[in-house]
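Derivation of every value follows stated rules applied to the coordinates shown; laboratory data play no part. Just so it is clear, the structure is predicted and the values come from calculations on it, not from any experiment. Cβ coordinates were reconstructed from backbone atoms using ideal geometry, including for glycine residues, and neighbour counts include every protein chain displayed.
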Amino acid sequence: MSRILTGIQASGKPHLGNLLGAIKPAIKLSENKSNESLFFIADLHALTTVKDAELIKSHTQAVAAAWLAFGFDTDKNVFYRQSRIPEVTELAWYLNCFTPIPMLQNAHSYKDKADKLSDVNAGLFTYPVLMASDILMYDANFVPVGKDQQQHLEMTRDIARSFNHHYNEEVFVIPEVKIDEAVMTVPGTDGQKMSKSYGNTIDIFLPEKKLRKVVLGIKTNSTPLEEPKNPDTCNVFSLYKLLGSTTQITEMRANYEGGNYGYGHAKQALFELIMDQYKNERALFDGFMNDPTALESRLQEGEAKAREIGHSVLNRVRKVVGFTS
């Protein structure tokens, strides 16, 4: 059995880009009977940018509710909050002592802000080491990531190899990077990649009226209603074809190219498609958010399982570094 591990930061409510690009593919992977999946909410990582306690708590609940609403099986797999496994920070310290400063200076997470050092806290600088701890703590065999996180996974592998080599023991499992080339890039309301940092997200869990307002706010050009339109250059169509059936997409393309079909019509059709396709998930999400006790119970069950796995790995590390009697 292969152990697969992935995490998502608690830096905000999951948006359509997170759902299509990360959550749904990860859940599909977890449904393979030959896999055991550990999915965690990276609330410690979120603290590098979000310092509001209530906001982190709210975001954590929303992330958990979204995973559960989309069908992640917490009986077969492990679902937990990173911060509830404090052993991960102990392991991160050990790994810090085997991580060269130049490696961290070359990390994208640091280099992107290196020209504004006042924006860089020590947590952000050592972010890749905590990420390595998240992975190595659970003997993960495969870690699904986007291409933007591939460098951090390679750093994890390098740190683990260095540690194993130093003590001449296979203390850590060397994880394999799993990049799914088919994972879609989801455009935001402005045409850029959908991202919280760009402020262009679509939150499918919003109340109906608010969600419709967001969809109607998608940027389009000023081609008059009566003229034919090119669907391949339209943000609305780009999103529609990620969600619609082959028949729906074909009909929508014909509407664009036939004329007398406005962007307002297309936006309304996209809104209705979202509401129809995610009707059940929206209801489940609201149910979990309105029942924090049930949500907490699911997470605590997963945290007990995660701690059991983590203890075994951490004891191996403590032994080789000389911290056991």
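Our note on the geometry: Cα centres of segment 275-294 and segment 10-71, 15 Å apart. Label-to-label distance for residue 280 and residue 185 is 3.2 nm, based on points extended 7 Å past Cα in the beta-carbon direction.
Charge dipole (Cα centre; +1 on Lys/Arg Cβ, -1 on Asp/Glu Cβ; no other charges) of the chain amounts to roughly 260 debye. When you restrict to C-alpha pairs under 8 Å that are six or more residues apart and normalise by the size of the chain, the relative contact order lands at 22 percent.
If the chain linking residue 55 and residue 242 were pulled fully straight, counting 0.36 nm for each residue of separation and taking away their Cα-Cα distance, it would gain 64.3 nm. Dividing the convex hull volume of the alpha-carbon atoms in segment 205-277 by its residue count gives 79 Å³ per residue. Annotation note: GluC sites (Glu not before Pro) in segment 192-266 located in DSSP loop regions with a Cβ neighbour count of at most 12 within 10 Å are 226.
Sorting 93, 67 from the fewest to the most surrounding beta carbons within 10 angstrom yields 93, 67. Expressed in Å, the radius of gyration and Dmax of the Cα atoms of segment 257-325 are 24.7, 80. Shown is the FRET efficiency for residue 165 and residue 312, computed with R0 = 25 Å from the Cβ-Cβ distance and rounded to the nearest 0.05: 0.70.
Length available on full extension from residue 176 to residue 233: 0.36 nm per residue minus the Cα-Cα distance, which gives 16.8 nm. Ranked by the mean number of other Cβ atoms within 10 Å per residue, highest first, peptides 242-250, 115-123 order as 242-250, 115-123.
Among 28, 33, 241, a tally of other beta-carbon atoms within 10 Å of each Cβ gives an order, fewest to most, of 33, 28, 241. DSSP finds beta bridges in the chain, and of those with both partners inside it, around 5 percent are antiparallel. Here segment 44-182 is treated as a Stokes sphere of Kirkwood radius computed over C-alpha pairs; at 25 °C and 0.890 mPa s its diffusion coefficient rounds to 149 µm²/s.
Radius of gyration over Kirkwood radius for the chain, both on Cα atoms: the Rg/Rh ratio is 1.02. Taking every pair of alpha-carbon atoms in segment 177-245, what share in percent sits in each 10 Å bin, from 0 to the bin with the longest distance? Over segment 177-245, the share of Cα pairs per 10 Å bin runs 17, 45, 30, 7, 1 percent.
Which of the three applies to segment 7-95, rounded, prolate or oblate, going by the alpha-carbon gyration tensor with a ≥ b ≥ c and a/c under 1.5 meaning rounded? Oblate is the answer for segment 7-95, as a/c is 1.5 or above yet b/c matches or exceeds a/b. Each label point was placed 7 Å from the Cα along the Cα-to-Cβ direction; for residue 297 and residue 31 their separation is 2.6 nm.
Summed over qualifying helices (DSSP H, 4 residues or more, each -39500 (n - 2.57)) and divided by its residue number, the chain shows a 222 nm mean residue ellipticity of -15500 deg cm²/dmol. Placing +1 on the Cβ of every Lys and Arg and -1 on the Cβ of every Asp and Glu, with no other charges, gives segment 22-128 a dipole of roughly 180 debye about its Cα centre.
Which entries in 116/196; 28/51; 13/209; 13/213; 57/305; 76/196 show an alpha-carbon gap greater than 24 Å? Listed pairs above 24 Å: 28/51; 76/196.
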